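Structure first, commentary second.
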Amino acid sequence: MNPLAFSTLGTPGAPVDEVVRIAAEHGCAGVELRCADGDLIAPDSTAAELRAVERAFAEAGVEIVAVCSYTRVARPDGDPVAEVLRHVEIAEALGARYVRVFGGVEGQADPAPAATERLAEVAARLPGNGVDVLLETHDVFLTGQAVAAVLSGVGSERVGALWDVVNPWRAGEPPARTADVLAPHLRHVQIKDAASPADLAPVLPGHGAVGVPAVLAELDRIGYAGYLALEWERVWYPDAPPVGAALTAFREVLGR
């Protein structure tokens, strides 16, 4: 069975001990840490702050699987490469395997060349610290096909894919197609559900229209053995049920 995790996107304002308690109660071996102001970690967190967070999760036996950045690597302004490398430093301090990145800005003309070039530069500059960078199916790269095209151009094992299952679905890409094109690159999967492509408010896993069981079947078919992480977007939807309810529903889907 795949190990389970959840994102702190579902626990806004929660201290480390509450996140650890939720993980223990629901059998989650890992967590994704949202890297943003006001969360447990932020891009400007000090070394001492990161050590304290790392120590708390390590003592509880909960792995920090990913540092979830909000860097859009193809955006036309700023220095996305430097931002990604800063998040890699944070991940190393936390003992995390991955840094999540996004693609570009909606409406941006042909963002793929910029994403490919910058991720190739990131790959060339990554230290040998065991931290890899994952491009999520998101924003201008909603589908597995779009992400796979970028990653094939990058051509580095240090840069892989994160499958957020809602986004290829709402773009009309069948899960079998997403699984096939991402299989050579896939390192991490975020599970969530929604009522329709036009209504992305959180729905308990297995109770929406995404077809989570079909996604899980495709992951089994391609032999995916990594984490299944619940992304419960309570930060954006504060009226959503607590993350514990979503984790209970998530485990029920897996039990089927």
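The values are calculated or read from the model by the stated rules, or taken from the named source; none is laboratory data. Predicted model only: the values in this text are computed from it and were never measured. FYI the Cβ positions are ideal-geometry reconstructions off the backbone, even for glycines, and counts take in every protein chain you see. Just so you know, the surface numbers come from the protein's heavy atoms only, side chains and all, with ligands and any DNA or RNA stripped out. Shrake-Rupley method; radii C 1.70, N 1.55, O 1.52, S 1.80 Å.
Observations, loosely collected:
- Test: residue 159 is surrounded by 14 or more Cβ atoms within 10 Å (Cβ to Cβ) and free of Cβ contacts under 8 Å to residues at least 24 places away in the same chain: no
- Single residue of segment 204-224 satisfying the filter (assigned to a loop (DSSP other than H, G, I, E, B) and under 21 Å from residue 23 (Cβ atoms)) that is least open to solvent (accessible area, probe 1.4 Å): 205
- Flag for residue 187 being open to solvent by less than 20 Å² (accessible area, probe 1.4 Å) and not in a helix (DSSP H, G or I): no
- The set of residues in segment 225-244 being open to solvent by less than 30 Å² (accessible area, probe 1.4 Å) and either in contact with a Gly (Cβ under 7 Å, 6 or more places away or on another chain) or under 19 Å from residue 175 (Cα atoms) (or both) consists of 226, 227, 228, 229, 230, 231, 232, 243.
- Residue count for segment 89-146, restricted to those that are in contact with a Cys (Cβ under 7 Å, 6 or more places away or on another chain) and either open to solvent by 40 Å² or more (accessible area, probe 1.4 Å) or closer than 18 Å to residue 229 by Cα (or both): 1.
- Tallying residues that are open to solvent by 60 Å² or more (accessible area, probe 1.4 Å) and either in a strand (DSSP E or B) or not small (Gly, Ala, Ser) (or both) within segment 47-70 yields 6.
- Scanning segment 191-203 for residues that are more than 14 Å from residue 237 (Cα to Cα) and open to solvent by less than 30 Å² (accessible area, probe 1.4 Å) returns a single hit, 191.
- Residue, farthest from residue 137 (Cα to Cα), within segment 190-203, restricted to residues that are in a loop (DSSP other than H, G, I, E, B) and not hydrophobic (A, V, I, L, M, F, W, C): 202
- Taking the numbered list (1) surrounded by fewer than 24 Cβ atoms within 10 Å (Cβ to Cβ); (2) of a type outside the set (Asp, Glu); (3) modelled with pLDDT of 95 or more in turn, residue 38 passes all entries but (3).
- With respect to the conditions (1) open to solvent by 10 Å² or more (accessible area, probe 1.4 Å); (2) not in a helix (DSSP H, G or I), residue 18 falls short on a single one, namely (2).
- The residues of segment 168-184 that are in a helix (DSSP H, G or I) and among the aliphatic types (A, V, I, L, M), listed by number, are 176, 179, 181, 182.
- Selection from segment 147-156 of residues that are surrounded by 21 or more Cβ atoms within 10 Å (Cβ to Cβ) and farther than 19 Å from residue 215 by Cα: 150, 151, 154
- Count - residues of segment 162-183 that are in contact (Cβ under 8 Å) with a residue 40 or more places away in the chain, of a type in the set (D, E, K, R) and open to solvent by less than 50 Å² (accessible area, probe 1.4 Å): 1
- Note on segment 101-141: residues that are under 10 Å from residue 73 (Cβ atoms) and acidic (Asp, Glu) amount to 2.
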